[in-house]
Structures are given as structure tokens and as C-alpha cells.
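S.K.: The following block contains the structure, expressed as C-alpha cells.
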Amino acid sequence: MTGARAVITLEGLSITTPGGRVLVENADVSLGPGEVVLLVGPSGSGKSTIINALSGLLGADGAHWQVQGRVHLAGKDYDLAQDVCNIGGLVFQNNALFDDLSAAGNARITADHIGSVDPAIAELIGELLHDVDPGQNVASLSGGQCQRVAIARTLLANRDVLLFDEPNSGLDKLAARRLAQLIRKLCHQMGKPALIVAHHVDDLLPLADRVLFLDSARRMLRELPPDRAEVDSALLCETLPSEPRAQTAAPYSWKLKPHSPWRWQFHYLNEYFWILCASPMLLGYVMLGAGIVGFVSIWFGFNYDALGDFVRSVVHDDALMGIGFIEMTVVVPLISCLLMVACNNAVITADLGNRVLSSQFRAMSNLGIPARRYIYVSVGVNMMLAGLLLTVASGVIASFTSYQVWRLIFVGQPYELWMENFFREFLRSERALMVHGAWTLFKVAATAAVATASALMIGGKRKESVISINHAIARSIIIGASATLVIHAVVAVLQF
């Protein structure tokens with residue numbers, strides 16, 4: 001099925017699943033300029049696998065697929081057995097929009113990673129998104145608006161072929177026909193072909209140039225005649241009502257001048273700082289734990305002394321010194337790290353699990369965005385920073401609470417007496433302060449590193465459902481908390 005007008009040609013395409021099932025064998029496919037081609041076939045036959053191969057995403061999750069064949073494109077040749085072929089920009093079935101970014105952010109992050117924006121594409125996107133507020137969060141967009149933002153984002157990547165995975169899934173008949181017209185218009189204006197995987201073809205078929213059928217029994221691709229051509233042609237000739245627009249609202253202006261991609265690293269560093277370091281719930285939760293430590297250590301350390309008030313006064317200085325030393329070097333770092341890890345590991349795993357399940361990582365990969373570098377580096381840096389900041393803040397809260405409780409027990413005693421004894425071990429020499437500080441720093445850093453690694457590894461694995469995300473969160477908390485306890489116990493033994 002090759003033609004003289006073909007701009008993209010696949011020869012000898014063969015795909016075998018990691019489990020050894022052959023999906024397609026020795027198939028030849030051509031796509032001409034501006035063509036709209038439907039790819040149909042039974043569920044599970046491998047239609048999405050073919051477009052994943054053309055978008056460079058096949059095997060991105062670590063699965064071992066066997067792919068053979070060659071792709072010819074504008075003087076370039078790809079050997080599918082060896083090369084990553086990312087000639088196609090993929091519009092995912094669930095749109096896979098980045099829900100932490102605005103509508104414009106979804107487009108701008110792509111623009112910043114392609115270097116320059118074709119003015120014709122920018123104009124086309126402006127028309128496509130005329131009714132979408134650039135600053136609006138994608139969660140508040142309508143389904144049709146989300147779909148058009150996803151298409152616009154893919155157009156910005158400026159790949160040689162547009163790939164659609166079930167674009168009309170869940171759409172009513174009218175919306176599906178509008179979508180088909182939109183795809184037809186885009187292909188005509190850009191001169192690029194589109195390959196559309198579809199189960200429901202009634203509304204797409206009238207605007208399709210060709211139909212390819214993936215025969216799972218014969219493991220081959222073959223062209224089909226348009227069975228419902230006459231009926232669908234008649235439907236296509238009907239006048240479709242135009243999409244309603246607000247009469248008083250002016251079209252939104254979309255400016256997509258590319259900037260340095262590094263700004264997105266700072267964007268994610270800032271985003272995860274507020275999530276992992278400065279979240280009010282996290283701060284209140286950890287500070288509450290520190291306050292309880294300060295109260296318990298002094299209250300029970302002095303009020304439940306079996307030797308009575310006289311002996312309590314005699315041993316006061318050494319007891320206060322011991323309480324202060326253990327509180328600052330062992331208990332506070334342990335409690336602050338344990339609470340931080342339990343909270344942040346759950347947040348990280350849930351966040352990554354959602355990105356994996358909703359195909360956001362795959363979408364970023366298809367658009368040439370180094371998502372895992374941005375997110376993993378940002379998470380690692382902020383977890384380390386959170387460990388240090390929360391431990392210092394917990395030390396301040398715990399010592400302040402300890403002082404207030406001490407004042408209740410030893411009424412009228414001067415602040416200098418408490419200060420001199422509570423921090424005596426740290427104040428006796430500069431070397432002692434540096435040694436104990438270094439051990440504490442090591443514990444916190446090691447805890448943050450191990451907890452981060454476990455959260456990223458568990459959260460970044462393939463997710464099949466929301467239930468699998470829930471299970472991953474539980475594993476992440478347990479592993480992170482267990483590692484924290486072990487690290488602090490081992491370091492305590494080495495330190496003392």
C-alpha cells in the first residue's frame with residue numbers, strides 16, 4: 001500500500017508483544033500529505049501499539065517489544081528494530097493534560113522545548129483555542145476544550161504525522177462529527193497526514209481518505225472499502241450547527257514565544273517546594289510532633305522522678321543536660337524525619353501515580369519534554385531541603401516547649417540556668433557542636449535520600465487503576481518510615 005504521493009512509508013512492519021504474541025507481520029503502510037487514515041480492528045488487536053511505535057513510546061515503560069521494519073520520511077530512514085521512531089505527535093485518548101499547569105502552560109511547556117514556533121501553527125492554535133482562557137486551570141475546562149488544548153499542544157511539537165488514539169471515545173454524535181471536521185481541516189491546512197485509531201467510525205469515516213483494518217487473525221493490515229460511505233456522505237452534507245460562542249466575550253489571545261526550557265525546572269522546583277516543604281498541613285503536623293516531644297521530655301523527665309523533690313533539685317543540672325542532649329540529637333531528628341517521610345512519601349507517590357495513570361509522563365516524552373528529570377530532580381532537592389528545614393524548625397519548637405514546661409516545674413528560675421544546662425553538651429566546645437551537628441545532618445540527608453528513592457521508584461511504576469495507586473501509597477509510607485527508623489537507629493549506635 002505505497003503510493004507516489006506518500007510522505008511517510010512503513011515497510012515490513014512487524015510487532016511482537018513482550019509475551020510473544022505477534023500483532024502484525026510484514027505490513028506495508030503509506031501516508032500521503034494531508035491524508036486522514038482510520039486504523040480499525042478488534043479490541044486488543046494492536047492498533048494503539050502501532051501508533052505508540054510511531055510516537056516513540058513503545059517500550060518506554062520498560063517492556064520488551066520486538067519491532068521490525070523501516071520507516072522512510074523526507075530522506076530519513078528509521079530502523080524500527082534499533083531506532084526510536086518519534087515521527088508522530090500523539091493525542092491521547094484521555095488527553096493526558098498536565099493538570100498542575102494552566103491551559104497556556106500546557107502549550108508553553110511544549111513551545112519551550114521545541115526551540116521555535118512556526119507562525120502558521122501559532123495562528124492555527126489561536127483559532128483552535130479562541131474560546132479558551134489561557135490562564136484557566138485545565139480541570140475547569142469543558143471536555144471539548146480539553147481535547148482542543150491537547151490537540152494544540154501536539155501541533156506545537158510539529159511532528160510529521162498526527163496520531164489520535166480513540167479521539168471520539170465518549171463523545172456524542174454531534175461532537176464526534178465536529179472533531180472529525182476539525183482533524184480534516186488541520187490536516188488540509190498543515191499538509192500533514194493523520195492516523196486515527198477508532199472503534200466508532202460512523203462519524204469519522206465520511207472525512208477519512210482511507211481505512212486500514214488490522215486483521216488480528218491474519219496478523220496483517222489491509223485496506224477496506226467504506227461500507228457506509230453513502231449514508232455517511234449524506235450525513236456529512238447536512239448543515240451542522242455552529243459551536244455556540246459567548247456573544248459578549250472577545251477571543252482570547254495566545255502568545256507562544258519560546259523561552260529557555262530551564263524555566264520549567266525552576267517551575268517544578270517551586271511547585272514541589274510548596275508541596276513538600278511549605279505545606280501548612282505538613283508544617284503544622286511536624287511542629288505538633290516537635291511540641292509534644294518538648295513537653296513529654298521535660299514533664300516526665302522531672303515530674304515522675306521517684307527520688308522526690310529534694311533529689312530532683314540536686315540532679316537538676318545533669319538531668320536537664322541529658323534531656324536536652326538526647327532531645328536535640330536523637331528524638332527531634334527522628335520524629336521530624338519520620339513525620340515528614342510519612343506525609344511526603346504519600347504525596348509524592350500519589351502525584352507520580354496520577355501522572356503515570358493519566359499518561360502525563362508518556363505525553364511529555366512524546367512532546368520531547370524531560371518530565372522525569374524535571375520532576376525527579378525537583379522532588380529530590382525539595383525532600384532534602386524539607387528534611388533540613390523541618391529538623392531545624394522542630395528543634396526550635398521542641399526546645400521552646402521544653403523551656404516553657406521547665407518554667408512551670410521550676411518557678412522563678414532564670415532563663416540563663418536553663419540555657420546553660422539544656423545546651424551544655426553543645427556549648428562545651430566548638431568541636432562537640434560540629435561533630436553532633438554533622439551526625440544529625442548525615443541522618444537527615446540519608447533519610448531524605450532513601451525515602452525519596454523509594455517514593456520515586458514506587459510512584460513511577462506502571463499503574464493500572466486508582467486502587468494500584470492506593471496500594472503504592474501504603475507501600476511507600478511503610479518502606480520510607482521503616483528506612484527512617486533503621487537509619488536513625490544505626491547512626492545513633494555509631495554516634496554514641
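The numbers here are math on the coordinates, done by the rules we state, and not lab data. What you see is a predicted model, and the numbers here were worked out from it, not measured in a lab. Please note: Cβ atoms are built from the backbone with ideal geometry, for glycine as well, and neighbour counts cover all protein chains shown.
S.K.: Residue by residue through region 85-96, which ³J(HN,Hα) values in whole Hz follow from phi under the Karplus form 6.51 cos²θ - 1.76 cosθ + 1.60 (θ = phi - 60°), with glycine and proline marked x?
M.R.: Values per residue, Gly and Pro as x: 9, 10, 6, x, x, 9, 9, 6, 4, 9, 6, 6 Hz.
S.K.: Label points 7 Å out from Cα along the Cβ direction at H130 and V315: separation in nm?
M.R.: That separation, rounded to one decimal, is 8.4 nm.
S.K.: Now for a different question. Between V84 and K173, what length in nm is gained on full extension when 0.36 nm per residue of separation is reduced by their alpha carbon distance?
M.R.: Numbers: separation 89, 0.36 × 89 = 32.04 nm, distance 3.67 nm.
Value of the extension gain: 28.4 nm.
S.K.: Another question about this same structure. Got a sec? Charge dipole of the chain, +1 on Cβ for Lys and Arg, -1 for Asp and Glu; which of W439, W262, G301 is way out at the positive end?
M.R.: The one lying farthest along the dipole's positive direction is W262.
S.K.: List, in order, the whole-Hz ³J(HN,Hα) value for each residue of region 383-397 obtained from phi through the Karplus relation with A = 6.51, B = -1.76, C = 1.60 and θ = phi - 60°; use x for Gly and Pro.
M.R.: 5, 5, 5, 4, x, 5, 5, 5, 5, 5, 4, 5, x, 5, 5
S.K.: Any chance you could run the full-extension gain for S142 through D77? It's 0.36 nm times the residue separation minus the Cα-Cα distance, nm to one decimal. Intermediate results must be reported in sequence, preceding the final value.
M.R.: Details: separation 65, 0.36 × 65 = 23.40 nm, distance 4.04 nm.
My answer for the length gained is 19.4 nm.
S.K.: Can you pull the one-decimal nm distance between simple spin-label points at I478 and L441, each 7 Å off the Cα toward Cβ?
M.R.: Taking the two extended label points, one gets 3.6 nm.
S.K.: Regarding region 262-495, what is the average projected area of its C-alpha convex hull, in nm²? Working shown, then result.
M.R.: Details: hull surface 60.2 nm².
Averaged projected area of region 262-495's Cα convex hull equals 15.0 nm².
S.K.: Continuing with the same structure: How much length is gained if the chain between D202 and R222 is pulled fully straight, taking 0.36 nm per residue apart and subtracting their Cα-Cα distance, in nm to one decimal?
M.R.: Working: separation 20, 0.36 × 20 = 7.20 nm, distance 1.91 nm.
Residue separation times 0.36 nm, minus the Cα-Cα distance, leaves 5.3 nm.
S.K.: Could you list log10 I(q)/I(0) for the chain at q = 0.09, 0.13 Å⁻¹, which the Debye formula gives when each Cα is one point scatterer?
M.R.: Values, matching the q order: -0.74, -1.18.
S.K.: What fraction of the Cα pairs in region 418-496, stated in percent, has a spacing above 21 angstrom?
M.R.: Percentage above 21 Å: 49.
S.K.: Now a separate question. About the Cα centre, and with charges only on the beta carbon of Lys, Arg (+1) and Asp, Glu (-1), how big is the dipole of the chain? Nearest 20 debye, please.
M.R.: On the way: 38 positive and 42 negative charges, 82 e Å.
Charge dipole, the chain, about its Cα centre: 400 debye, nearest 20.
S.K.: Right, next: My understanding is that a pair violates if its Cα-Cα distance is over 27 Å; which of K47/K461; K47/K463; K173/K257; K185/K461 do that in this structure? Let's see the in-between values first.
M.R.: Details: K47/K461 24 Å; K47/K463 21 Å; K173/K257 37 Å; K185/K461 38 Å.
Pairs exceeding 27 Å: K173/K257; K185/K461.
S.K.: Now, a different point. Once you charge only the Cβ atoms, +1 for Lys and Arg and -1 for Asp and Glu, what is the size of the charge dipole of region 262-495 about its Cα centre, to the nearest 20 debye? Don't skip to the answer; put the middle values down first.
M.R.: Values: 15 positive and 12 negative charges, 265 e Å.
Taking the Cα centre of region 262-495 as origin, the dipole is about 1280 debye.
S.K.: What does the highest-first list of 323-329, 259-265, 461-467, 199-205 look like by mean Cβ count within 10 Å?
M.R.: Values: 323-329: 21.1, 259-265: 13.7, 461-467: 11.9, 199-205: 19.0.
The densest-packed peptide leads the list: 323-329, 199-205, 259-265, 461-467.
S.K.: Which value in Å is the Kirkwood Rh of region 394-463 over different Cα pairs?
M.R.: Details: mean 1/r = 0.0653 Å⁻¹.
Mean inverse Cα-Cα distance, inverted, gives 15.3 Å.
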